[in-house]
Amino acid sequence: MIKLEEINKYFQTEEVQTQALKKVNLHVKEGEFIAIMGPSGCGKSTLLNVIGLLESPSSGSYQLDGKEVADYKESQRTNLRKGNIGFVFQNFHLINQLTVSENVMLPLAYLDLSKSDRKKKVEDVLDRLKISHRRNHYPQQLSGGQQQRVGICRAVVAQPKLILADEPTGNLDSKNGQEVMELLTELNRQGATIVMVTHSQRDANYAHRVISLLDGEIVTEVENEIDLF
Ligand code: ADP
Ligand code: MG
């Protein structure tokens, strides 16, 4: 599903150039659950953003479902993301002025669906992730764990094949973090491919494979002893 080959990514700020990714090679099969670990600033978010078509690599090849996308322009990347890739963020990224339902409905705005189909998809995902009793609440009225549940609902409502999560438990206490990991595992069992950045070894234990980055390079890859598929 994902084939990154010899990916380099440079950021140029006024005086300094940073190389955030160095010759990264990574293949992810459909249905896999991958964890990315490593110290702060080692390029984890950059790697996730390249995979999620939020950033384009400076050089190298990126094949997503067999298509070369490394040279895609912004508009092409945006089009390909819609409905295909769901993001979950550490700080939830919910819109405070919108209710839970309205937040979760956002990714559906770009899809060709009737209003009633949209509502149904939102209700289905809220039920599935057990947050429908909060559908008319605003994000500030929810606990952190509930907000992340809504964040996951929004990431999966369009039924993307690929879910990307950047430290999804980073702002949660241990119990809520575990619940979020169980939800992601469940979505993976139902067929979603997941790439997750985490600081937590406990979270990484849920993944099939753990990739460690150091200074923009993949330094180790470890298979966890859990059944694939
Ligand atoms: P991590 O997620 O592992 O903490 P990042 O991928 O966010 O690391 O960052 C990797 C490196 O790239 C860091 O040195 C960071 O400062 C730099 N970097 C990330 N994004 C940008 C950007 N938009 N502009 C300039 N430098 C960036
Ligand atoms: Mg990061």
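The values are calculated or read from the model by the stated rules, or taken from the named source; none is laboratory data. The structure presented is a predicted model; accordingly, all values stated were derived computationally and were not measured. In this analysis, Cβ positions are derived from the backbone assuming ideal geometry, glycine residues included, and neighbour counts consider all displayed protein chains. With ligands, DNA and RNA removed, areas are computed over all heavy atoms of the protein, side chains included. Shrake-Rupley method; radii C 1.70, N 1.55, O 1.52, S 1.80 Å.
Okay, residues lined up against (1) part of a helix (DSSP H, G or I); (2) among the polar types (S, T, N, Q); (3) under 20 Å from the mean Cα position of the chain (by Cα):
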| position | (1), (2), (3) |
| --- | --- |
| Gln146 | yes, yes, yes |
| Ala155 | yes, no, yes |
| Pro160 | no, no, yes |
| Glu179 | yes, no, yes |
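Which of the numbered conditions does Asp124 fail, given that it passes all the others? Conditions: (1) in a loop (DSSP other than H, G, I, E, B); (2) modelled with pLDDT under 95.
(1) is the only condition that Asp124 fails.
Output the number of residues of the stretch 196-219 satisfying the condition of being over 18 Å from Gly52 (Cβ atoms) and part of a loop (DSSP other than H, G, I, E, B).
6
In this structure, is Ala35 in a strand (DSSP E or B), of a type outside the set (Val, Ile, Thr) and over 30 Å from Tyr138 (Cβ atoms)?
yes
Please determine, by comparing only the residues of the stretch 132-145 that are open to solvent by 40 Å² or more (accessible area, probe 1.4 Å) and out of contact with any Leu (no Cβ under 7 Å at 6 or more places or on another chain), which one is farthest from Leu172 (Cα to Cα).
My answer is Asn136.
Output the residues belonging to the stretch 189-205 that are over 13 Å from Ile85 (Cβ atoms) and buried (at least 21 other Cβ atoms within 10 Å of the Cβ). Even if it seems obvious, please write down each step before you answer.
Step one: of the stretch 189-205, the residues over 13 Å from Ile85 (Cβ atoms) are 189-191, 196-205.
Met196, Val197, Thr198, Asp203, Ala204, listed by residue number.
Per-residue answers, yes or no, for (1) within 10 Å of ligand 2 (Cβ to nearest atom); (2) surrounded by fewer than 23 Cβ atoms within 10 Å (Cβ to Cβ); (3) at pLDDT below 95:
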residue: Ile2; (1), (2), (3): no, yes, no
residue: Lys22; (1), (2), (3): no, yes, no
residue: His27; (1), (2), (3): no, yes, no
residue: Ile36; (1), (2), (3): yes, no, no
residue: Cys42; (1), (2), (3): yes, yes, no
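Tell me whether the stretch 66-73 contains one or more residues that are at positive phi and within 11 Å of ligand 1 (Cβ to nearest atom).
Among the residues of the stretch 66-73, not one is at positive phi and within 11 Å of ligand 1 (Cβ to nearest atom), which makes the answer no.
Just checking, how many residues over the stretch 63-111 are without any contact (Cβ under 8 Å) to a residue 24 or more places away in the chain, closer than 21 Å to Val28 by Cβ and among the basic types (Lys, Arg)?
Here the count works out to 1.
Quick check on my filter: what residues within the stretch 22-44 are within 8 Å of ligand 1 (Cβ to nearest atom), of a type outside the set (Ser, Thr, Tyr) and more than 14 Å from the chain's Cα centre (by Cα)?
Gly38, Pro39, Gly41, Cys42, Gly43 - these are the residues of the stretch 22-44 that are within 8 Å of ligand 1 (Cβ to nearest atom), of a type outside the set (Ser, Thr, Tyr) and more than 14 Å from the chain's Cα centre (by Cα).
Which number in (1) without any contact (Cβ under 8 Å) to a residue 24 or more places away in the chain; (2) more than 10 Å from ligand 1 (Cβ to nearest atom); (3) open to solvent by less than 70 Å² (accessible area, probe 1.4 Å) marks the one condition that Glu15 misses?
(3)
Let's see how each residue does on (1) more than 16 Å from ligand 1 (Cβ to nearest atom); (2) in a loop (DSSP other than H, G, I, E, B); (3) surrounded by 15 or more Cβ atoms within 10 Å (Cβ to Cβ):
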position	(1), (2), (3)
Thr46	no, no, yes
Pro57	no, yes, yes
Gln63	yes, no, yes
Ser75	yes, no, no
Thr78	yes, no, no
Asn91	no, yes, no
Leu94	yes, yes, yes
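Might you let me know whether the stretch 170-183 holds any residue that is touching a residue at least 12 places away in the same chain (Cβ under 8 Å), within 16 Å of ligand 2 (Cβ to nearest atom), in contact with a Phe, Trp or Tyr (Cβ under 9 Å, 6 or more places away or on another chain) and open to solvent by less than 10 Å² (accessible area, probe 1.4 Å)?
no
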